[in-house]
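One structure below.
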Amino acid sequence: MNRYIVISDLRFNDLNVHRADAAKQFAWNALAWRTRLVTTSTLLFTAILAAGLQAAENISVLGNKPRWNILEHYQQTITRGEFAHLINDVYGTHGFAPDLIEIEDDTARILMNRDAQKFFTLRFASGREEQKLVPRLWRSAKSLPRAKRDKLLSGLKIALDPGHLGGSWAKMEERWFQVGDSKPVQEGDLTLRVAQLLATRLRDLGAKVSFVRSVDEPTTSTRPDDFRELARKILIKNGVPQPRADVLEPTDPGKEQTIRWQSEILFYRYSEIRRRAALVNFKLHPDLVICLHFNAEGWGDPTNPTLTDTNHLHLLVNGSFLAEELEFDDERFEMIRRLLSRAYDEELPLADTIALAMARETGLPPYAYPTTNSTTKVGTSGYVYARNLLATRLYRCPVVYCEPYVMNSNDVFARIQAGDYEGTRKINGVERKSIFREYADSVANGLVDYYSNARGGSRSPNPMPQPAPSAK
């Protein structure tokens, strides 16, 4: 469930613009919101640059100065044809300014800084036989030794990233709603329970499992108050000359223009996700990250939410950068580094395989984005999209980002209220597994399907999913 924002990386971690809030007090529809998101984001970053905040390097919110010299390690590790394919069909599908990346016969010229007119020259390998090894810390499935018969994920290093925070932070994130006197639904708590169950299964299969978040507290040491001055400057430069300090109430239509609102987003989106990326890249060093989330449709007032019969599933991998995003030096650098690491070659077939396993287990149909303004459909399963989210961009290994279950659907809400349990129970007249175990089992089965096949094991992916039993 997304919250309306002014601060944005255009599309920050797990913002799904299709989750348009239906509450009438906001007085705009989904299309207007999508338009407003891109427009205000562009205006915002212009304002940030005008304020002199990281202007010299043209860097996105809380971003790091690009270390372009690192790309020297990728010289002659990719052919021209492969580079052009990844740029045109995966990462730059929405187009970009012609001076950002120029592909010649033997080289690509990549803009480092427009004001200084500095460029990085990437030299292509003349052919596949001449390609040098790609430098990276993660291991592809094919590079792993053959799996043991009783430990199909032996040796694999997997980091589990339960989305959001949960606990006392859930209301701040607006990943919280409650129906009457029922148990509140808090996405961060749901994802953590799935991660705990999934970790047990994966370890039983021989994997080495680590957690990016293992409790309902932030991984970052910063807090919203640390960003109040930055939030104030951003609001002033974005046309709010005297920003209000606090939010009056949850449905306050002017809350986006308050210092509290903006400083909270800087904390729990940007600072938190960037800290998680640091843990993944410099401490955990996994072969892949599984980001666990639950989806939602607009629920309006969180104390009197709208429930729906809609339910669906989709997965995300990194790609589909917007032209506006590629204008930032750090995002352009991160895209090129990720492209050259060939993470996409691993994460797309992995995501496709996990998607089919999840669809088979849950019976959920694929989600269809209402527009192609922010995503590109990829793969063969029908469930996977490329999208530039903060986590999928910053984590320097293959990332599969799972978005199953609409939390405020009637069926999912009932299953969440039932809690976790062994075996099956009758939910809405149908015998069902615990939703947490169904989620964990489906991801684990997808990982087994993929790695068994890629490592030369005997297990093959299961057939296409069949619809789940009707919950009438």
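The values are calculated or read from the model by the stated rules, or taken from the named source; none is laboratory data. Fair warning: this is a prediction, and the values are worked out from it, not measured in the lab. Here the Cβ positions follow ideal geometry from the backbone for every residue, glycine too, while neighbour counts run over all protein chains shown.
Go through the stretch 95-119 and report how many residues are hydrophobic (A, V, I, L, M, F, W, C), farther than 30 Å from Pro349 by Cβ and not in a loop (DSSP other than H, G, I, E, B).
3
The condition (being at pLDDT 95 or above, within 24 Å of Lys65 (Cβ to Cβ), in contact with a His (Cβ under 7 Å, 6 or more places away or on another chain) and surrounded by fewer than 23 Cβ atoms within 10 Å (Cβ to Cβ)) is satisfied by just one residue among Ala323, Ala278: Ala323. Considering the conditions (1) touching a Gly at 6+ places or on another chain (Cβ under 9 Å); (2) of a type in the set (Ser, Thr, Tyr); (3) modelled with pLDDT under 95, Thr371 is excluded by exactly one of them, (1).
Do we have any residue at all in the stretch 186-201 that's in a helix (DSSP H, G or I), modelled with pLDDT of 95 or more, among the acidic types (Asp, Glu) and surrounded by 24 or more Cβ atoms within 10 Å (Cβ to Cβ)? Yes, the stretch 186-201 contains a residue that is in a helix (DSSP H, G or I), modelled with pLDDT of 95 or more, among the acidic types (Asp, Glu) and surrounded by 24 or more Cβ atoms within 10 Å (Cβ to Cβ).
Taken over the stretch 375-418, the criterion of being polar (S, T, N, Q) and out of contact with any strand residue (DSSP E or B) (no Cβ under 9 Å at 6 or more places or on another chain) is satisfied by Thr380, Asn388. Looking only at residues of the stretch 85-103 that are under 19 Å from Asn113 (Cα atoms) and of a type in the set (Val, Ile, Thr), we find that the one that is surrounded by the fewest Cβ atoms within 10 Å (Cβ to Cβ) is Ile103.
Looking for something modelled with pLDDT of 50 or more, over 20 Å from the mean Cα position of the chain (by Cα), surrounded by fewer than 18 Cβ atoms within 10 Å (Cβ to Cβ) and farther than 26 Å from Thr372 by Cα - is there at least one such residue anywhere in the stretch 20-28?
Narrowing the stretch 20-28 to residues modelled with pLDDT of 50 or more: none.
No, the stretch 20-28 contains no residue that is modelled with pLDDT of 50 or more, over 20 Å from the mean Cα position of the chain (by Cα), surrounded by fewer than 18 Cβ atoms within 10 Å (Cβ to Cβ) and farther than 26 Å from Thr372 by Cα.
Taking the criterion of being touching a Ser or Thr at 6+ places or on another chain (Cβ under 8 Å) and not in a loop (DSSP other than H, G, I, E, B), the residues of the stretch 367-412 that qualify are Thr376, Tyr385, Ala386, Val399, Tyr401, Pro404, Val406, Ser409, Asn410.
Would you confirm whether or not the stretch 385-406 contains a residue that is over 18 Å from the mean Cα position of the chain (by Cα), closer than 21 Å to Ala454 by Cα and not aromatic (Phe, Trp, Tyr)?
No - not one qualifying residue is present in the stretch 385-406.
Taking the stretch 73-96 as the range and being touching a residue at least 12 places away in the same chain (Cβ under 8 Å) and over 23 Å from Thr392 (Cβ atoms) as the test, the residues that pass are Gln75, Gln76, Thr79, Arg80.
Could you identify the single residue in Thr375, Thr308 that is more than 30 Å from Gln75 (Cβ to Cβ) and buried (at least 20 other Cβ atoms within 10 Å of the Cβ)? Explain how you work it out, then say what you get.
Numbers: Thr308 fails: buried (at least 20 other Cβ atoms within 10 Å of the Cβ).
Matching residue, one of Thr375, Thr308: Thr375.
Please state which of the following conditions Tyr401 fails to meet, knowing it meets all the rest: (1) at pLDDT below 95; (2) crowded, with 20+ Cβ neighbours inside 10 Å. Going through (1) at pLDDT below 95; (2) crowded, with 20+ Cβ neighbours inside 10 Å one by one, Tyr401 breaks only (1). The residues listed here are Thr353, Thr303, Thr258; of these, the one that is in contact with a Phe, Trp or Tyr (Cβ under 7 Å, 6 or more places away or on another chain) and of a type in the set (S, T, N, Q) is Thr353. Note on the stretch 202-211: among residues that are in a helix (DSSP H, G or I) and in contact with a strand residue (DSSP E or B) (Cβ under 8 Å, 6 or more places away or on another chain), the one that is nearest to Asp441 (Cα to Cα) is Leu202.
Going through the stretch 413-425 one residue at a time, which ones are in a helix (DSSP H, G or I) and of a type outside the set (Lys, Arg)?
First pass over the stretch 413-425, keeping only residues in a helix (DSSP H, G or I): 413-418.
Within the stretch 413-425, Phe413, Ala414, Ile416, Gln417, Ala418 qualify.
Out of the residues in the stretch 215-240 that are surrounded by fewer than 18 Cβ atoms within 10 Å (Cβ to Cβ) and among the hydrophobic types (A, V, I, L, M, F, W, C), which is nearest to Thr191 (Cα to Cα)? So the residue we want is Val215. Among the residues of the stretch 113-139, those that are surrounded by 12 or more Cβ atoms within 10 Å (Cβ to Cβ), of a type in the set (Lys, Arg) and under 15 Å from Ile78 (Cα atoms) comprise Arg123, Lys132, Arg136.
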